[in-house]
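The block underneath contains the structure these notes are about, expressed in C-alpha cells.
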Amino acid sequence: ILTEAAAIGLVAAVLGLALGIWLGEQLLLLVSQSINDFYFRVSVTEVTVGAASIIKGMVAGVGATLFAAAVPAFEAASYQPRLALTRSVLERQTHRLMPFVAATGIATMLLAVIVLALSERNLVAGLASVFMLIMGFALCVPLVVRAATSGLAPLARKAGGTPSRMAVAGIATSLSRTGVAIVALAVAVSATIGVSVMVDSFRGSVNAWLEQTLQADIYFGVERGTLDPDLVSELVALPGIEAFSTGRRAWLEDGNGRTRVFVVQMAPGGYAGTEILDADPGEVWATFEADDVVLVSESYAYMNRVARGDVVPLRTDSGKRDFRVAAVYQSFDIDASALLMSRAIYDRHWSDPGIGSVGLYLDPQANVDELIATLKLKSAGRQELRINSNVKIRELSLQIFDRTFVITDILYWLALGVAIIGILGAMLALQLERAREFAVLRALGMTPAQLGGMITLQTGMIGLLSGLAAVPLGIIMAYMLIEVVNRRAFGWQIDMSVEPGILLSSVLLAVAAALLAGIYPALRAARSQPALAMREE
C-alpha cells in the first residue's frame, strides 16, 4: 500500500511541479504589477525554478501522500480479513472516536487562544494561532455533522420519502468518507469568506480614509526630486485657486534607524484630512505649527510602541533632538510607518526647503478639468508634473488595491478546486464500497433516476453542511486576519464589516461545488448493472 502511495505521490508531485511552474508564470505579471504600484519598477518576464524548489516540491508531494496513506496501510495490515470486508467495523470505530476528536479540536482552539494572549505582537505566533483555530474547528465538524444529519433524516423522509432519508442519513453512516470531504470543502469555503470579509473591510477602511485625506481638489507633484519653486509660485497664483498646501517626504534618522517623515504645510481646510485617534484635534493642531512636536502614524506607533506624550529622537542639522508625540493619526499610506511634521518646525531644524507635492483648494465656481489643463499647459517644457484631481487619485488608488488582491482570489479558487476533487474522490469511494447496496436497491425497485437523485441529494447536503460550517469558521478567520495578522504585520486598525451577501453566496458556492463533484458519481451509479455488482460480492 505504501509503495502504491509513493508511486501515486511521485506522479502527482511531478504534475504538481509542472502546474506550479505554469501558475507561477501566470502570477508573475500580477506580482510584478503590485511591486511597480507600491515600491519600484521591475521588469521580470521569466520564472526561474531552482533545484531546491523542485526537491522541496517532490519531498512535500511524496511525503504528504505517504503520511496520508500511513493510517489506512496500518489498518489494512492489522485487520482480520473478515473484518476488512465489513465496512461497519470502520464506521463504528469512526463514530466511537468522534467525541475524542472533537475534544481534541476544542483543546486545540483553547491552545490557540492561550498562544494569542501570551505572544502579544509576535506575527509568527499569530499565524500559528490562526492555523490551530482552523485545525481545531475542523476537528469538531464531523461530530456536528453527525448530530445534524440525525436530526434532518426524519424531516427528509417527510419531505421526499425513503430515498431522501437514506441520502441524508447516509452522510453520517459513511462519516469516515464524507467527514473528510465536508471538512475539506468547509475549510476551502471558509477561506473564501475570511479573505473576502478581510478584503472588503480593508477596502472600505481605505476608501473612507481616502475620502477624508484627499481634501484638496487637485494635486500635482514630481515622481522624484523636488518641484521648481518658481513654477510652484506661478501655479498656485492662477485664478480660481483659493488656498494650497505643500508636502515633502524626507528620510530622517531616529532611534530605530531611518524613518520616513512627511513634512506638510497645511491649508486652512486641510486639517480635517488627518484623523486624530487619541487626542482632541483642536489641541493637537494648536501645537503642531509652533512646538517641536510630531504626529505618528498608527502603524509607527504600534510597531515602535510609541504613544502620545512620548518623545521621538531625530537627528537634525544641529544634532540630535527630541520631538514630543502630540498624537497618533490614521494612515494607510504604503509609507505609513512614518511621522507627520509641520513645515515650520522642519524648516527650523533642517535646511531643506524643497517641496515634493502641492494640493490646490479651488473656488466653488472653478472648473477642475479646465484648471488641470491650464496647469499642464503652464508646466509643459519646464518640469514634468503628475497632475490629478482628488477623484482620479481615489479611483487609481482603489484600482491598485483591487489589483493587489487578485492573487488571493486565484489562491482560494485553487483551494476550492482541491476540495471539489476531495468530494469527488469520497463519493467515488463510497460508490465502490456501496455497490452491492445500490444493486439491492435497484433489485427492490428503485429506478436509475431515483438512485442518481439520491446520490445528488447526498452531495448537495454535503455541500450545504460544508457551507454552513464554513460561515462561523470564515468569520473567525476574517477576524484573525484583520485583528491579529494584519495588526501584527502592519499595525493598521481595520473596521471589520461582514456583508450578509458574502455569507449567502459562500454557502451557495459550497452547494454548487458539491453538486458539481457529484454529477459523475450519480451518473455512474445510475448506469451501473445491478447483476454485476451483486455477483462481485
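All of the numbers you see were taken from the coordinates with simple rules; none came from a lab. Keep in mind the model is a prediction, meaning the values are calculated, not measured. Here Cβ is always computed from backbone atoms with ideal geometry, including for glycine, and neighbour counts include all displayed protein chains.
Tabulated data
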| read-out | value |
| --- | --- |
| All aspartates and glutamates inside 19 Å of Lys378 as judged from Cα atoms, apart from same-chain residues fewer than 8 positions distant | Asp217, Glu223, Asp228, Asp230, Glu234, Glu242, Asp369, Glu370 |
| Reachable aspartates and glutamates, given that their alpha-carbon falls under 18 Å from the alpha-carbon of Lys320 and they are not under 8 places away in the same chain | Glu253, Asp254, Asp291, Asp292, Asp310, Asp347, Asp352 |
| Antiparallel %, DSSP beta bridges [both residues in the chain], to 5 | 75 |
| Acute angle (nearest 10 degrees) that the helix 2-38 long axis makes with the longest principal axis of the chain, alpha-carbon atoms | 20 |
| Sites Val236 and Glu283, calculated FRET efficiency, Cβ-Cβ separation with R0 30 Å, nearest 0.05 | 0.50 |
| Residue-averaged 222 nm ellipticity for the chain, from DSSP H runs of 4+ at -39500 (n - 2.57), nearest 500 | -22500 deg cm²/dmol |
| Option label - Cα extents along the principal axes in Å computed here, alternatives (1) 96, 51, 49; (2) 65, 59, 45; (3) 124, 77, 44 | (1) |
| Sequence ranges 234-245, 467-478, 297-308, ranked by mean other-Cβ count within 10 angstrom, highest first | 467-478, 297-308, 234-245 |
| Charge dipole of the chain about the Cα centre (unit charges at C-beta), most positive-ward option of Ser497, Ala326, Ala70 | Ala70 |
| Amide proton proximity set for Phe323, modelled H, under 5 Å, gap of 5+ | Val312, Leu314 |
| Set of lysines near Lys376 by C-alpha distance (under 17 Å), chain-local residues within fewer than 8 positions excluded | Lys392 |
| Residue-by-residue Karplus 3J(HN,Hα) for segment 491-498, coefficients 6.51, -1.76, 1.60, Hz, glycine and proline x | x, 7, 10, 10, 7, 6, 9, 10 |
| For Asp217, distant residues with modelled amide H under 5 Å away | Leu360, Tyr361, Leu362 |
| ³J(HN,Hα), Karplus 6.51/-1.76/1.60, whole Hz, each residue of segment 499-511, x for Gly, Pro | 8, x, x, 5, 5, 5, 5, 5, 5, 5, 5, 5, 5 |
